[in-house]
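All remarks here apply to the structure that follows.
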Amino acid sequence: MKKVKAIVITGNGTNCEMETAHACRLGGADDVEIVHICKLLSGEKKLDDYHFLNLPGGFLDGDDLGSAKANAARLRYARTSRGLTLFDQICRFIQEGKLILGICNGFQLLVKLGLIPSLNSSFSQDATLTFNDSGRFEDRWVYLRINEKSPCVFTKGLKNLYLPVRHGEGKFALTSEKVLQDLKKRNLIAVQYSDENCETPVMKYPLNPNGSVEAIAGICDETGRVFGMMPHAEAYLHYTNHPRWTREILPVEGLGVALFRNGIEYIRKNL
């Protein structure tokens, strides 16, 4: 069987790299490395050697200029010793059919880089993630409805999720109504905040913790291989992570593992 190599980027304020790496291992990755971004910029490490790129949560550059905006500029313009930007390498990574998962700050980064939704592969920024309508940092668990028609590789076979959010800038907003209609038409809205039945998207706080348009909690590109979401899948890997684990009978494996397993199994079958 093909060995799946996953890379988890750290540095400049990232703080969920350990949990994300553990999620990759639980999901079946054969080799998981946590790599500081400086090693990629220096050329000591290169994305070409991996199949699965993880951009974990945290507070990149202290969220100066807005969540992940400074790091988006760094990846797009800072050149490595090989003469390419990391953005060039990421684009090649996508073209080769590999997978990218961005969670929370990683989702913000993908959006600011224009890698999602990337309508017509333009890599222009068509969306943003801005301050929560509540005006404060939200740290709570949310119910999530999965769009089963979405091409998203990571959510295949899933119908609902229950995961925590931890963010101050999680409100998903779009540059135009046309972009929203394109997202809906192409089923790129993969995950939405919902009621506890996980059937109906909700705008009501606190079920929708930030006021995201169309209750959007996660989107993918048209290939389904680049996916970003605000809720922390890597924070629910074991039943003891669940807030009611002492009061409910739960499966040993947390719901978040399924997303990573889907991605890793896709790589094993298709790359």
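The values are calculated or read from the model by the stated rules, or taken from the named source; none is laboratory data. From a predicted model like this one, the values you see are computed outputs, not experimental measurements. Cβ: placed from backbone, ideal geometry, glycine included. Neighbour counts: every protein chain shown.
Quick notes on this structure:
- Pairs where the first residue, in region 244-261, is in contact (Cβ under 8 Å) with a residue 60 or more places away in the chain and the second is assigned to a loop (DSSP other than H, G, I, E, B) and among the aliphatic types (A, V, I, L, M), C-beta under 7 Å, 6+ apart: 256/237; 257/237; 258/158
- Taken together, 114, 135, 106 contain a single residue that is in contact with a Ser or Thr (Cβ under 9 Å, 6 or more places away or on another chain) and on the phi > 0 side of the Ramachandran plot, which is 114.
- Comparison of 150, 124 shows that the only residue that is free of Cβ contacts under 8 Å to residues at least 60 places away in the same chain and within 22 Å of residue 93 (Cα to Cα) is 124.
Residue-wise test of (1) surrounded by fewer than 14 Cβ atoms within 10 Å (Cβ to Cβ); (2) of a type outside the set (Asp, Glu); (3) at pLDDT 95 or above; (4) under 26 Å from residue 261 (Cα atoms).
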site: 44; (1), (2), (3), (4): yes, no, no, no
site: 54; (1), (2), (3), (4): no, yes, yes, yes
site: 60; (1), (2), (3), (4): no, yes, no, no
site: 67; (1), (2), (3), (4): no, yes, no, no
site: 75; (1), (2), (3), (4): no, yes, no, no
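- Lone unmet requirement of (1) among the small types (Gly, Ala, Ser); (2) surrounded by 16 or more Cβ atoms within 10 Å (Cβ to Cβ); (3) modelled with pLDDT of 95 or more; (4) touching a helix residue (DSSP H, G or I) at 6+ places or on another chain (Cβ under 8 Å) for residue 106: (4)
- Single residue of 224, 228 found to be small (Gly, Ala, Ser) and in a strand (DSSP E or B): 228
- So residue 180, is it over 17 Å from the mean Cα position of the chain (by Cα), buried (at least 16 other Cβ atoms within 10 Å of the Cβ) and either modelled with pLDDT under 95 or in a helix (DSSP H, G or I) (or both): yes
- Scanning region 54-99 for residues that are β-branched (Val, Ile, Thr) and either in contact with a Ser or Thr (Cβ under 8 Å, 6 or more places away or on another chain) or in contact (Cβ under 8 Å) with a residue 40 or more places away in the chain (or both) turns up 80, 90, 94.
- Residue check, residue 190 among the small types (Gly, Ala, Ser), within 20 Å of residue 126 (Cβ to Cβ), buried (at least 20 other Cβ atoms within 10 Å of the Cβ) and at pLDDT 95 or above: yes
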